[in-house]
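Novice: First, the structure itself, so that you have it in front of you.
The values are calculated or read from the model by the stated rules, or taken from the named source; none is laboratory data. From a predicted model like this one, the values you see are computed outputs, not experimental measurements. A quick note on method: Cβ atoms are made from the backbone with ideal geometry, for glycine too, and the neighbour counts reach across all protein chains shown. The protein model used for the area step is the full one, side chains on, heavy atoms only, and it has no ligands, DNA or RNA in it. Shrake-Rupley method; radii C 1.70, N 1.55, O 1.52, S 1.80 Å.
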Amino acid sequence: MRARARLVARADGRGGTTLVELRGETPLLLRQTPADGGVATVHLVGGAAGPLAGDDLRLEIEVGPGAAVRVHTVAASIALPGRSGAVSRMTVRAVVHGGATLHWLPEQLVAAAGCAHLAESRIELAPGAVLAWRDELICGRYGEAPGGAVVHTHVDYADRPLLRQSLAVGPHAPGWAGPAVLGGASATGSLLLVDDSRPVEPATVDGTVARLPLAGGPATLWTATAPDAHTLRAQLTP
(Lines give C-alpha, C1' and ligand atoms only; values in the text may rest on other atoms or scores of the structure.)
Protein backbone atom coordinates (compact mmCIF):
# COMPACT_ATOMS: atom_id res chain seq x y z
CA MET A 1 0.00 0.00 0.00
CA ARG A 2 1.16 3.49 -0.83
CA ALA A 3 -0.30 6.53 0.91
CA ARG A 4 0.51 10.21 1.10
CA ALA A 5 -0.68 12.88 3.54
CA ARG A 6 0.03 16.60 3.78
CA LEU A 7 -0.54 19.26 6.43
CA VAL A 8 0.09 22.97 5.80
CA ALA A 9 -0.52 25.58 8.51
CA ARG A 10 -0.52 29.37 8.27
CA ALA A 11 -0.96 32.15 10.85
CA ASP A 12 -4.47 33.60 10.62
CA GLY A 13 -3.44 37.16 11.53
CA ARG A 14 -5.47 37.07 14.76
CA GLY A 15 -3.04 35.14 16.94
CA GLY A 16 -4.27 31.74 15.79
CA THR A 17 -3.48 29.16 13.13
CA THR A 18 -5.38 28.06 10.04
CA LEU A 19 -4.85 24.67 8.41
CA VAL A 20 -4.89 25.63 4.74
CA GLU A 21 -4.19 22.07 3.59
CA LEU A 22 -5.14 18.88 5.39
CA ARG A 23 -5.40 15.78 3.25
CA GLY A 24 -4.48 12.14 3.43
CA GLU A 25 -5.08 8.64 2.12
CA THR A 26 -5.80 5.44 4.01
CA PRO A 27 -4.11 4.61 6.35
CA LEU A 28 -2.78 8.17 6.79
CA LEU A 29 -5.94 10.08 7.68
CA LEU A 30 -5.55 13.55 9.24
CA ARG A 31 -8.28 14.96 11.45
CA GLN A 32 -8.36 18.42 13.01
CA THR A 33 -9.42 18.36 16.66
CA PRO A 34 -10.18 21.24 19.06
CA ALA A 35 -7.28 23.65 19.45
CA ASP A 36 -5.32 23.61 22.68
CA GLY A 37 -4.37 27.09 23.89
CA GLY A 38 -4.61 28.56 20.40
CA VAL A 39 -2.40 25.84 18.91
CA ALA A 40 -3.98 24.00 15.96
CA THR A 41 -4.23 20.32 16.86
CA VAL A 42 -4.30 17.42 14.42
CA HIS A 43 -4.64 13.69 15.06
CA LEU A 44 -3.30 11.10 12.65
CA VAL A 45 -5.82 8.27 12.42
CA GLY A 46 -4.71 4.87 11.15
CA GLY A 47 -7.35 3.82 8.64
CA ALA A 48 -5.95 0.27 8.37
CA ALA A 49 -3.73 -2.14 10.29
CA GLY A 50 -0.01 -1.79 10.09
CA PRO A 51 2.20 -0.58 8.64
CA LEU A 52 2.61 -3.94 6.90
CA ALA A 53 5.79 -4.99 5.14
CA GLY A 54 5.60 -3.50 1.65
CA ASP A 55 3.73 -0.35 2.73
CA ASP A 56 5.21 3.01 1.73
CA LEU A 57 3.71 5.84 3.80
CA ARG A 58 4.72 9.51 3.58
CA LEU A 59 3.61 12.55 5.57
CA GLU A 60 4.58 16.14 4.74
CA ILE A 61 4.18 18.99 7.23
CA GLU A 62 4.77 22.69 6.66
CA VAL A 63 4.25 25.30 9.40
CA GLY A 64 4.36 28.88 8.19
CA PRO A 65 5.74 31.90 10.08
CA GLY A 66 3.76 32.61 13.25
CA ALA A 67 1.69 29.42 13.02
CA ALA A 68 1.63 26.72 15.72
CA VAL A 69 0.63 23.07 15.28
CA ARG A 70 0.50 20.04 17.54
CA VAL A 71 0.31 16.58 15.92
CA HIS A 72 -0.73 13.42 17.77
CA THR A 73 -1.74 9.91 16.75
CA VAL A 74 -4.82 8.24 18.18
CA ALA A 75 -3.01 4.95 18.90
CA ALA A 76 0.34 3.25 18.71
CA SER A 77 1.61 2.14 15.29
CA ILE A 78 2.32 -1.58 15.09
CA ALA A 79 4.80 -2.55 12.37
CA LEU A 80 3.71 -5.99 11.14
CA PRO A 81 5.26 -8.60 8.85
CA GLY A 82 4.03 -8.99 5.29
CA ARG A 83 5.31 -10.69 2.19
CA SER A 84 8.78 -12.22 2.49
CA GLY A 85 11.64 -9.80 1.96
CA ALA A 86 9.43 -6.70 1.93
CA VAL A 87 10.09 -3.64 4.10
CA SER A 88 7.51 -1.16 5.40
CA ARG A 89 8.43 2.52 5.37
CA MET A 90 7.09 5.57 7.15
CA THR A 91 8.66 8.88 6.11
CA VAL A 92 7.86 12.21 7.78
CA ARG A 93 9.21 15.44 6.30
CA ALA A 94 8.61 18.68 8.15
CA VAL A 95 9.49 22.31 7.36
CA VAL A 96 9.09 24.81 10.21
CA HIS A 97 9.56 28.48 9.31
CA GLY A 98 10.89 31.24 11.54
CA GLY A 99 8.52 32.12 14.36
CA ALA A 100 6.55 28.89 13.83
CA THR A 101 6.02 26.05 16.29
CA LEU A 102 5.60 22.33 15.69
CA HIS A 103 4.98 19.74 18.39
CA TRP A 104 5.24 16.20 17.01
CA LEU A 105 4.00 13.94 19.82
CA PRO A 106 2.77 10.62 18.39
CA GLU A 107 2.09 7.40 20.25
CA GLN A 108 4.70 4.68 20.20
CA LEU A 109 5.96 2.58 17.30
CA VAL A 110 5.81 -1.13 18.18
CA ALA A 111 8.17 -3.44 16.26
CA ALA A 112 6.13 -6.68 16.21
CA ALA A 113 7.85 -10.04 15.70
CA GLY A 114 8.79 -10.64 12.08
CA CYS A 115 8.44 -7.06 10.91
CA ALA A 116 10.95 -5.19 8.76
CA HIS A 117 10.32 -1.46 9.18
CA LEU A 118 12.11 1.78 8.36
CA ALA A 119 10.99 5.02 10.03
CA GLU A 120 12.66 8.16 8.73
CA SER A 121 12.10 11.76 9.86
CA ARG A 122 13.61 14.79 8.13
CA ILE A 123 13.01 18.19 9.70
CA GLU A 124 14.13 21.59 8.41
CA LEU A 125 14.02 24.44 10.92
CA ALA A 126 14.46 28.12 10.11
CA PRO A 127 16.11 30.42 12.69
CA GLY A 128 13.56 31.19 15.40
CA ALA A 129 11.52 28.02 14.80
CA VAL A 130 10.31 26.09 17.86
CA LEU A 131 10.17 22.30 17.83
CA ALA A 132 9.24 19.46 20.17
CA TRP A 133 9.85 16.12 18.44
CA ARG A 134 9.31 12.84 20.26
CA ASP A 135 10.04 9.34 18.95
CA GLU A 136 9.35 6.20 20.99
CA LEU A 137 10.06 2.60 20.01
CA ILE A 138 8.75 -0.52 21.76
CA CYS A 139 10.71 -3.68 20.99
CA GLY A 140 8.00 -6.26 20.39
CA ARG A 141 4.51 -6.79 21.73
CA TYR A 142 4.08 -8.28 25.19
CA GLY A 143 6.01 -11.53 25.55
CA GLU A 144 7.53 -11.56 22.06
CA ALA A 145 10.92 -10.72 20.56
CA PRO A 146 10.93 -7.71 18.25
CA GLY A 147 11.14 -7.73 14.52
CA GLY A 148 13.56 -5.51 12.65
CA ALA A 149 13.13 -1.76 12.94
CA VAL A 150 15.40 1.12 11.95
CA VAL A 151 14.66 4.69 13.06
CA HIS A 152 16.49 7.62 11.42
CA THR A 153 16.13 11.23 12.59
CA HIS A 154 17.69 14.02 10.52
CA VAL A 155 17.28 17.63 11.70
CA ASP A 156 18.73 20.83 10.22
CA TYR A 157 18.59 24.26 11.86
CA ALA A 158 19.30 27.38 9.78
CA ASP A 159 20.55 25.15 6.93
CA ARG A 160 23.11 23.49 9.19
CA PRO A 161 23.09 19.99 10.68
CA LEU A 162 21.58 19.87 14.16
CA LEU A 163 20.93 16.17 14.75
CA ARG A 164 21.74 12.92 12.96
CA GLN A 165 20.50 9.94 14.94
CA SER A 166 19.85 6.31 14.02
CA LEU A 167 18.78 3.24 15.96
CA ALA A 168 18.35 -0.34 14.74
CA VAL A 169 16.80 -3.19 16.72
CA GLY A 170 15.86 -6.76 15.97
CA PRO A 171 17.47 -9.94 14.64
CA HIS A 172 19.57 -8.17 11.98
CA ALA A 173 21.00 -5.53 14.33
CA PRO A 174 23.91 -7.14 16.20
CA GLY A 175 24.29 -6.01 19.80
CA TRP A 176 21.12 -3.92 19.92
CA ALA A 177 20.04 -5.40 23.27
CA GLY A 178 23.53 -5.27 24.79
CA PRO A 179 24.97 -2.74 27.25
CA ALA A 180 26.23 -0.44 24.49
CA VAL A 181 22.72 0.14 23.10
CA LEU A 182 19.54 -0.71 25.07
CA GLY A 183 21.01 -2.77 27.90
CA GLY A 184 18.10 -5.18 27.87
CA ALA A 185 15.40 -2.47 27.91
CA SER A 186 12.33 -3.09 25.78
CA ALA A 187 11.40 0.58 25.28
CA THR A 188 13.50 3.49 24.11
CA GLY A 189 12.96 6.97 22.76
CA SER A 190 14.09 10.54 22.42
CA LEU A 191 12.69 14.04 22.79
CA LEU A 192 14.25 16.95 20.90
CA LEU A 193 13.39 20.47 22.05
CA VAL A 194 14.47 23.44 19.93
CA ASP A 195 13.64 26.89 21.26
CA ASP A 196 15.93 29.92 21.36
CA SER A 197 13.94 31.36 24.29
CA ARG A 198 14.86 28.44 26.58
CA PRO A 199 17.99 28.72 28.74
CA VAL A 200 20.85 26.42 27.84
CA GLU A 201 20.83 23.42 30.18
CA PRO A 202 23.94 21.41 31.11
CA ALA A 203 24.40 17.79 30.13
CA THR A 204 23.10 15.34 32.73
CA VAL A 205 22.60 11.60 33.14
CA ASP A 206 20.02 10.31 35.61
CA GLY A 207 19.70 6.55 35.56
CA THR A 208 18.65 5.64 32.02
CA VAL A 209 17.75 9.21 31.00
CA ALA A 210 20.34 11.50 29.40
CA ARG A 211 19.96 15.22 28.65
CA LEU A 212 22.36 16.63 26.07
CA PRO A 213 22.58 20.20 24.75
CA LEU A 214 23.33 20.20 21.01
CA ALA A 215 26.03 22.32 19.43
CA GLY A 216 24.21 23.13 16.17
CA GLY A 217 21.44 25.31 17.58
CA PRO A 218 19.33 26.26 20.62
CA ALA A 219 18.44 22.62 21.25
CA THR A 220 18.40 19.93 23.92
CA LEU A 221 18.03 16.20 23.31
CA TRP A 222 16.63 13.78 25.87
CA THR A 223 17.20 10.07 25.32
CA ALA A 224 15.88 7.29 27.53
CA THR A 225 15.43 3.56 27.89
CA ALA A 226 12.77 1.91 30.03
CA PRO A 227 11.22 -1.47 30.82
CA ASP A 228 7.82 -0.47 29.37
CA ALA A 229 5.96 2.17 27.37
CA HIS A 230 4.35 3.82 30.40
CA THR A 231 7.68 4.45 32.12
CA LEU A 232 9.23 5.70 28.91
CA ARG A 233 6.44 8.22 28.31
CA ALA A 234 6.87 9.63 31.81
CA GLN A 235 10.57 10.18 31.04
CA LEU A 236 9.91 11.92 27.71
CA THR A 237 6.97 14.21 28.45
CA PRO A 238 7.88 17.86 27.76
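Novice: Of the residues that sit in segment 36-65 and are open to solvent by 50 Å² or more (accessible area, probe 1.4 Å), outside any strand (DSSP E or B) and more than 21 Å from A111 (Cβ to Cβ), which one is modelled with the highest pLDDT?
Specialist: This residue is P65.
Novice: Need the failing condition index for G128 against (1) within 21 Å of G99 (Cα to Cα); (2) outside any strand (DSSP E or B); (3) open to solvent by less than 20 Å² (accessible area, probe 1.4 Å), just the number.
Specialist: It is condition (3) that G128 fails.
Novice: Also, quick follow-up: Name, by its number, the condition in (1) of a type in the set (K, R); (2) in contact with a Phe, Trp or Tyr (Cβ under 7 Å, 6 or more places away or on another chain); (3) open to solvent by 40 Å² or more (accessible area, probe 1.4 Å) that does not hold for R93.
Specialist: (2)
Novice: Right, another one. So which residues in segment 201-236 are assigned to a loop (DSSP other than H, G, I, E, B) and touching a residue at least 24 places away in the same chain (Cβ under 8 Å)?
Specialist: Within segment 201-236, T208, G216, G217, P218, P227, D228, L236 qualify.
Novice: Based on what the data block shows, is P179 at pLDDT 95 or above, farther than 30 Å from V95 by Cα and open to solvent by 60 Å² or more (accessible area, probe 1.4 Å)?
Specialist: Against the criterion (at pLDDT 95 or above, farther than 30 Å from V95 by Cα and open to solvent by 60 Å² or more (accessible area, probe 1.4 Å)), P179 does not qualify.
Novice: Which condition from (1) surrounded by fewer than 21 Cβ atoms within 10 Å (Cβ to Cβ); (2) closer than 27 Å to Y142 by Cβ; (3) at pLDDT 95 or above is the one that G82 breaks?
Specialist: Among (1) surrounded by fewer than 21 Cβ atoms within 10 Å (Cβ to Cβ); (2) closer than 27 Å to Y142 by Cβ; (3) at pLDDT 95 or above, the lone unmet condition for G82 is (3).
Novice: Shifting gears a bit: Just a yes or no: is a residue in segment 104-120 in a strand (DSSP E or B) and within 30 Å of D12 (Cα to Cα)? Let's see the steps before the verdict.
Specialist: First pass over segment 104-120, keeping only residues in a strand (DSSP E or B): 104, 109-111, 116-120.
Checking the rest, the ones that are also within 30 Å of D12 (Cα to Cα) come to 104.
For segment 104-120, residues in a strand (DSSP E or B) and within 30 Å of D12 (Cα to Cα): present.
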